[in-house]
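Before any comments, here is the structure.
Coordinate-derived values only; no laboratory data. Owing to the predicted nature of the structure, the values given are computational and were not obtained by experimental measurement. Glycine also receives a Cβ, built like all others from the backbone with ideal geometry; neighbour counts cover every protein chain displayed.
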Amino acid sequence: MKNAIASHLKSVMYMDRGMLVLNKLPGLTCQLTGERHRKPLAHRASKEDNKFNLLVSGLQQQYDLPSPPLPVHRLDAGTTGCLALAVTQRAAQEMSRQFAQGAVHKTYLALVRGNKKSFKGTSGRVEDPIEYEDGFFKGYGEDGQPSITEWEVLADSPVAPVTLVRLKLLTGNKHQLRIHLANSLHVPILGDQKYSRNPTSEAITSQAQIPPDRMFLHATHLSLFKYRSGGGHKRVRVGIHAPLPSDFVGVCHQLEIPLSSLDIEGGLFTDGEPVQGEELPDFQGRWLWRRNSIKRS
């Protein structure tokens, strides 16, 4: 457990006076345990849940914070990438407001089972409303939750039926991307055992080493508004781009799927433009991934 927590503590990419952003590792359940955090529905505390409690406590100690950082959104346990935590209660309220109003922009990368011919065109939009029953996917229907996903084909493998796609999550329903890809586009995410009807084909496994229990969905970019204390242009959209995990990069290499240097290295953005350097002085912000990466090696 301690080794796992140490790895997660080294995954901090960005921090400022209001938030920190992790490059979440696979297998981390984003759920705090304890009575004040529990939902009315039955909740099973587990070692994985407790790991998140230990992580936020460790972050508090590591960065000398007055209280443990607060989660303002969630990622599935198997999803990697941008996970934002609020450093203060005030920041948590502001970030939660932006999430609720759709001001937070979220982009994902996924490897899916199927080649370019599996898609109708190179980009599109899925608007199938998702119905849930007791928190689980039931099907599509007019009474379902409004669900909007934009997709774009980036590249497919010349040696196996796998495609790299970029996804924009415009509504944040449970498992929305996984459901829309598997049930609307019929290209389930590689490694998604819940929504894939069939096991991964030998045409894929013969060309790449696919780790067991590993889903290739990565929250690659998250941006939200920050506010300067002075100056004419007070509102700034700050974006954090999370480097892909090494196993994701490795599978793409084995399948001959090209990746951009940004997706491999990550970076920091303001108003859609890359930041020169690693500091955002107006927000006491700093890019930490490079120094954390050095510590990991």
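Normalised radius of gyration (Cα atoms, divided by 2.2 N^0.38 Å) for region 56-98: 1.21. Close amide-amide hydrogen proximity is noted between LEU288 and TYR14, MET15, each under 5 Å apart and 5 or more residues distant or on a separate chain (H modeled in the peptide plane; Pro and chain starts excluded). Modelled spin labels at GLN98 and GLU256, positioned 7 Å past Cα toward Cβ, are 4.2 nm from each other.
Pairwise alpha-carbon distances in the chain exceed 33 Å for 24% of all pairs.
Packing-based ranking of 103-112, 124-133, 243-252 yields 103-112, 243-252, 124-133, ordered from highest to lowest mean Cβ neighbour count within 10 Å. Sequence-distant contacts, meaning Cα pairs under 8 Å at least 6 residues apart, place the relative contact order of region 2-296 at 19 percent. Within region 146-244, the ratio Rg/Rh, alpha carbon atoms throughout and Rh by Kirkwood, equals 1.10.
Take the Cα of GLU273, step 7 Å toward its Cβ, do the same at ILE148, and the gap between the two points is 2.8 nm. Annotation: the residues THR205, THR200, THR80, THR163, sorted from fewest to most other C-beta atoms within 10 Å of their own C-beta, follow the order THR205, THR200, THR163, THR80.
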